[in-house]
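To start, the structure under review is shown below, and the notes come after it.
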Amino acid sequence: MTMILKTDPQRPDPEVLRTAAEILRGGGIVAFPTETVYGLAAVVFNEAAVKKIFFAKMRPPDNPLIVHISDISMLDEVAVNVPKKAYNLMETFWPGPLTLILPKHHNVPKTVTGGLDTVAVRMPAHPVAMMLINEVGVPIAAPSANLAGRPSPTTAAHVIRDLYGRIDAIIDAGETIYGVESTVVNILAEPPLLLRPGAYTVEDLERVLGEKITIPEFARGYIEAEDALAPGMKYKHYSPETPIILIDPSSGDVKKMVDVVRDTALSYINEGYRVCIVATFENVDEYSSISRNAVVLGLGSRKNAFEIAKNLFKILRSIDDLNCDIAIIEGVQEKGLGLTVMNRLRKASKTIIKA
Ligand code: AMP
Ligand code: MG
């Protein structure tokens with residue numbers, strides 16, 4: 001049985017927090033909202049509980065979890081030899097969607113880190129997440145609260161769909177804020193290395209760091225990339241069941257991309273397929289009259305990457321409810337949050353066509 005605990009996101013119900021914390025301290029696993037996506041928590045030092053997370057999600061054991069803290073004093077319980085650069089970033093960006101790779105404290109079980117000697121740590125900026133960790137009193141390990149390979153959950157309904165009956169409780173506090181996961185940086189690398197683009201842009205982090213962050217090919221979402229050796233990066237992700245074709249506007253020519261989307265859609269429609277097109281608001285009208293065998297979904301405005309990022313997983317999940325044989329998705333320009341959006345879209349896609 002999975003308990004559903006409802007609360008206001010801004011003023012978390014103390015009774016809900018107490019119940020969830022009690023389950024966690026007793027070795028259970030609980031889904032909870034963060035400002036990025038919903039997470040699935042276990043007490044980080046309880047190896048049996050952490051194993052329940054991997055089992056519930058069907059997550060490969062070598063894909064490490066992020067450790068969440070609610071107070072800077074908890075950092076020393078999970079990491080050692082924290083470099084000065086890391087503190088600089090924490091001062092500006094914590095609490096918030098930045099995850100830093102640090103040397104692991106020996107008390108953190110290797111189950112949490114997928115066998116690595118490093119640990120990924122962040123401090124979430126969501127009242128429910130913060131107060132839940134405070135109430136538990138120790139750091140929690142938490143990946144996204146979805147079945148492995150599925151789009152990350154941005155509402156409790158998404159968590160229920162994937163994990164109901166597999167976990168002890170779900171705290172429902174409505175929709176998350178960013179809708180994409182945290183930015184993961186290996187701050188031990190020289191220069192720092194982006195492992196996953198996320199809700200904070202690389203440009204913002206670089207401004208505070210005062211140096212460039214290396215962006216490897218796998219961070220752009222190419223899972224077949226030669227350097228895709230960072231844990232978790234080799235796995236396919238974020239996928240609806242409907243196969244996705246991503247039209248990548250690599251030339252920067254949006255008109256050309258629209259033509260390729262339309263041609264690709266028509267070639268499938270002519271073969272008798274029912275096609276779903278996911279388009280930015282500016283281009284929706286370009287496709288709406290193609291055929292009655294095409295459904296067009298709006299992703300957000302090309303001028304508002306925040307909106308696109310926020311809608312992304314919700315739209316990816318909704319594709320499966322539309323009974324389409326194939327979905328064709330417009331890509332976006334790869335800067336700022338666009339890097340994050342393209343990372344998720346590349347990983348979600350079966351085929352990528354450059355336009
Ligand atoms: P999730 O919590 O599902 O968003 O996934 C967390 C991601 O953080 C993993 O897929 C890894 O890519 C990354 N990560 C966590 N721990 C480490 C680590 N010690 N070294 C490198 N990457 C990590
Ligand atoms: Mg995940």
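Here is the list for the stretch 270-338: GluC sites (Glu not before Pro) lying in DSSP coil, each with at most 16 other C-beta atoms within 10 angstrom of its C-beta, are GLU271.
With contacts taken as Cα pairs under 8 Å at a separation of at least 6 residues, the stretch 1-115 carries a relative contact order of 24 percent. Relative to the dominant Cα principal axis of the chain, helix 84-93 is inclined by about 70°. What the phi angles of the stretch 199-204 give under the Karplus curve with 6.51, -1.76 and 1.60, with θ = phi - 60°, is a coupling list of 5, 8, 7, 4, 4, 5 Hz, glycine and proline written as x. Note on the stretch 1-110: Cα Rg divided by 2.2 N^0.38 Å, N the number of residues, gives 1.15. Looking at the chain, the DSSP beta bridges with both ends there are about 35 percent antiparallel.
When DSSP beta bridges are restricted to pairs lying wholly in the stretch 81-211, around 65% turn out antiparallel.
Residue by residue, the stretch 141-146 carries 3J(HN,Hα) couplings of 8, 7, x, 5, 8, 10 Hz when phi is fed to the Karplus relation 6.51 cos²θ - 1.76 cosθ + 1.60 (θ = phi - 60°); x denotes Gly or Pro.
Excluding same-chain neighbours fewer than eight residues apart, the lysines reachable from LYS314 by a Cα-Cα span under 20 Å are LYS57, LYS236, LYS303, LYS347, LYS350.
Shape index of the stretch 161-297: Rg/Rh, with Rg the Cα radius of gyration and Rh the Kirkwood radius from the inverse mean 1/r over Cα pairs, equals 1.04. For LEU5, the amide hydrogen comes within under 5 Å of the amide hydrogens of ILE170, ILE171, ASP172, counting only partners 5 or more places away or on other chains and with H modelled in the peptide plane. Once C-alpha pairs closer than 8 Å and six or more residues apart are averaged by separation and normalised to the residue number of the stretch 260-330, the relative contact order reads 41 percent. Of the trypsin sites (Lys or Arg not before Pro) found in the stretch 266-309, those in coil by DSSP whose Cβ has at most 13 other Cβ atoms within 10 Å are ARG292, LYS303. Using θ = phi - 60° in the Karplus curve 6.51 cos²θ - 1.76 cosθ + 1.60, the 3J(HN,Hα) couplings for the stretch 327-334 round to 10, 10, 10, 6, x, 10, 5, 8 Hz; x is entered for Gly and Pro.
Quotient of the Cα radius of gyration of the chain and 2.2 N^0.38 Å, N being its number of residues: 0.99.
Model label points for ASP117 and ASN88, set 7 angstrom from Cα along the Cα-to-Cβ axis, are 2.5 nm apart. Given R₀ = 22 Å, FRET efficiency for ARG166-ALA48 by Cβ-Cβ distance, to 0.05? Working from the Cβ atoms, E equals 0.90. Once the Cα-Cα distance is subtracted from the 0.36 nm per residue extended length, the SER267 to SER251 segment shows a gain of 3.5 nm.
Sorting LEU17, LEU98 by the number of Cβ atoms found within 10 Å of their own Cβ, with the fewest placed first, yields LEU17, LEU98.
For the chain, a simple Cβ point-charge model (Lys and Arg +1, Asp and Glu -1, everything else neutral) yields a dipole of about 400 debye relative to the Cα centre. Mean-square fluctuations from a GNM of the chain, with a 10 angstrom spring cutoff on Cα atoms, peak among ALA199, ALA125, ALA42 at ALA125.
The Rg/Rh ratio for the stretch 102-209 is 0.97, where Rg is the radius of gyration of the alpha carbons and Rh is the Kirkwood radius.
A short reminder: the numbers here are calculations on the coordinates, not readings from a lab. What you see is a predicted model; the values in this text were computed from it and never measured. Heads up, the Cβs are rebuilt from the backbone with ideal geometry, glycines too, and the neighbour counts pull from every protein chain shown.
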